[in-house]
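Worksheet for the structure shown next.
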Amino acid sequence: MSQIKERPILFSAPMVRAILEGRKTVTRRAIKVQPHIDASGNFCVGSSNYGQDGYGKPVTKHFVNGCCPYGKPGDRLWVRETFALLGNEDGCCIDWQDNLVKGDERGAARIYRASCPTGDYGLNQIPAKAEWKPDTEAMEYDGAWRPSIHMPRWASRILLEITDVRVERLQDGEGETAFESRYIAEGINRIHQGDGDYAFHPFKSEPGPGSWTDPFDAWRELWVGINGAESWNANPWVWVVEFKRVTP
């Protein structure tokens, strides 16, 4: 039996909250070396030609199976997010009972930026091994946060299993209502307006100005907020990675 492959993946605090709440089950990431379609309609990356599918469309399944840096269905992704280890006034790590932790930071109490109060979008901190849920006792933290890129595997609290991988243009399907509804799975908030209608926002979860009536527009705002307007306008080819959360 082959061993399940695990790879790290970075997520921002709003997207971590969306995963924990079960709202986010897919992520789109721009392909590092952008493919192109040659004069014959072949799907090409650099000097590699992946051909056509016989219907005039590029073949991407061979490219996906061999080139996706996030893996294939069945592989797992452990989430890197901004976190901190609790310590005392001397800068030494402590556990949840305020006991001094020596030698191995793995025994230190951990908190995560996505689950600490952050104004409009914040939720409360939880112990590292607890199931995520809003807590009635919020803890403000003003210490030093460790960037997500520096999170080691042992500090990660979220493990995802890939269920599907495909390649598409970022803006494919714009204007198609059925297609646009798929972007709700990107983790945008579906906000009930109180009159049977819904609005959508990439970050806010309460009714208010700045919300969109179309989930595609909220998804576009999310992409631009992370990758910039230039990336949106370029309409790059993207990896579409669908996943489900599993027990770490």
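The values are calculated or read from the model by the stated rules, or taken from the named source; none is laboratory data. Just so it is clear, the structure is predicted and the values come from calculations on it, not from any experiment. Ideal geometry is used to build each Cβ from the backbone, glycine not excepted, and the neighbour counts take in all protein chains shown.
Beta carbons closer than 6 Å, at least 6 apart along the sequence or on distinct chains, pair a first residue in the range 196-210 that is within 12 Å of Ile184 (Cα to Cα) with a second that is of a type in the set (S, T, N, Q) and buried (at least 17 other Cβ atoms within 10 Å of the Cβ) for Ala199/Ser211; His201/Asn189; His201/Ser211. Is there a residue in the range 135-143 that is more than 30 Å from His36 (Cα to Cα), outside the structural domain of Ile19 (by TED's automatic domain parsing), at pLDDT 85 or above and among the polar types (S, T, N, Q)? Within the range 135-143, not a single residue is more than 30 Å from His36 (Cα to Cα), outside the structural domain of Ile19 (by TED's automatic domain parsing), at pLDDT 85 or above and among the polar types (S, T, N, Q). Is it the case that some residue within the range 162-172 is over 22 Å from Lys32 (Cβ atoms) and either assigned by TED's automatic domain parsing to the domain that holds Arg23 or touching a helix residue (DSSP H, G or I) at 6+ places or on another chain (Cβ under 8 Å) (or both)? For the range 162-172, residues over 22 Å from Lys32 (Cβ atoms) and either assigned by TED's automatic domain parsing to the domain that holds Arg23 or touching a helix residue (DSSP H, G or I) at 6+ places or on another chain (Cβ under 8 Å) (or both): present. Close contacts from the range 88-100, counting a first residue that is more than 16 Å from Tyr141 (Cα to Cα) and a second that is of a type in the set (Gly, Ala, Ser) and in a loop (DSSP other than H, G, I, E, B), with Cβ to Cβ under 7 Å and a gap of 6+ residues or different chains, come to none at all.
Within the range 20-39, the set of residues being assigned by TED's automatic domain parsing to the domain that holds Pro236 and over 20 Å from Val238 (Cα atoms) comprises Leu20, Glu21, Gly22, Arg23. Before we move on, is Gly107 assigned by TED's automatic domain parsing to the domain that holds Arg146, more than 22 Å from the chain's Cα centre (by Cα) and at positive phi? Here the answer is no, as Gly107 does not meet what is asked. Considered as a group, the residues in the range 142-155 that are touching a strand residue (DSSP E or B) at 6+ places or on another chain (Cβ under 7 Å), of a type outside the set (A, V, I, L, M, F, W, C) and surrounded by fewer than 19 Cβ atoms within 10 Å (Cβ to Cβ) include one that is nearest to Trp223 (Cα to Cα), and that residue is Arg146.
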